[in-house]
1. Among the residues of the stretch 10-17, is there at least one that is at pLDDT below 95, farther than 20 Å from Ser110 by Cβ, hydroxyl-bearing (Ser, Thr, Tyr) and open to solvent by less than 50 Å² (accessible area, probe 1.4 Å)?
2. Restricting the first residue to the stretch 16-42 and requiring it to be assigned to a strand (DSSP E or B), which pairs with a second residue that is of a type in the set (Gly, Ala, Ser) and open to solvent by less than 40 Å² (accessible area, probe 1.4 Å) meet a Cβ separation below 6 Å and a spacing of at least six or different chains?
3. Identify all residues within the stretch 22-31 that are open to solvent by 40 Å² or more (accessible area, probe 1.4 Å) and under 11 Å from the mean Cα position of the chain (by Cα); write none if there are none.
4. Regarding the stretch 68-78, can at least one residue be identified that is among the hydroxyl-bearing types (Ser, Thr, Tyr) and at positive phi?
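The values are calculated or read from the model by the stated rules, or taken from the named source; none is laboratory data. The shown structure was predicted, so the numbers you read here are calculated from the model rather than taken from an experiment. Please note: Cβ atoms are built from the backbone with ideal geometry, for glycine as well, and neighbour counts cover all protein chains shown. Accessible surface is based on the protein model in full, side chains and every heavy atom, while ligands, DNA and RNA are left aside. Shrake-Rupley method; radii C 1.70, N 1.55, O 1.52, S 1.80 Å.
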Amino acid sequence: MLVTKLVESINFHDSCVNKIVFSNEVVVMNLDLCMWQQKEYKESEPELMEVDVIFFDVTNYNWDSDKSEDEIDYDTIIEIKVEGNKIEVILEDDEVLERSKVSILSFECSEVQLNYVTI
């Protein structure tokens, strides 16, 4: 699916990123998606669901932060910007916020897939 379609159909605000892995032109972002933020949410359903968001054919990968991707520990998505095949994910973290900074992940990709993680 195109990134624009994913961002139009899923509200990522306040979802927490558990891990980001970039390897072989693929970015896998594991997060706890806030189901209560979704249009179809019903109160009887779980409020959070673990998902993998997988971006393919990634180019121009850039991680702009005072910490490394390995240091991500439940960072909160505050905004996702998409323009064509370019994506920018803005994350906040208590430690980073103390320094008045956010972490920004940006790259270009051809498509994205959302997988619900089953335990």
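1. No: zero hits.
2. Cβ pairs passing all conditions: Leu31/Ser15; Leu33/Ser15; Cys34/Ser15.
3. Val28
4. yes
Residues checked against (1) within 17 Å of Val17 (Cα to Cα); (2) open to solvent by 30 Å² or more (accessible area, probe 1.4 Å); (3) at pLDDT below 90:
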residue	(1), (2), (3)
Val58	no, no, no
Tyr61	no, yes, no
Glu69	yes, yes, no
Glu83	no, yes, no
Ile90	yes, no, no
Glu95	yes, yes, yes
Glu98	no, yes, yes
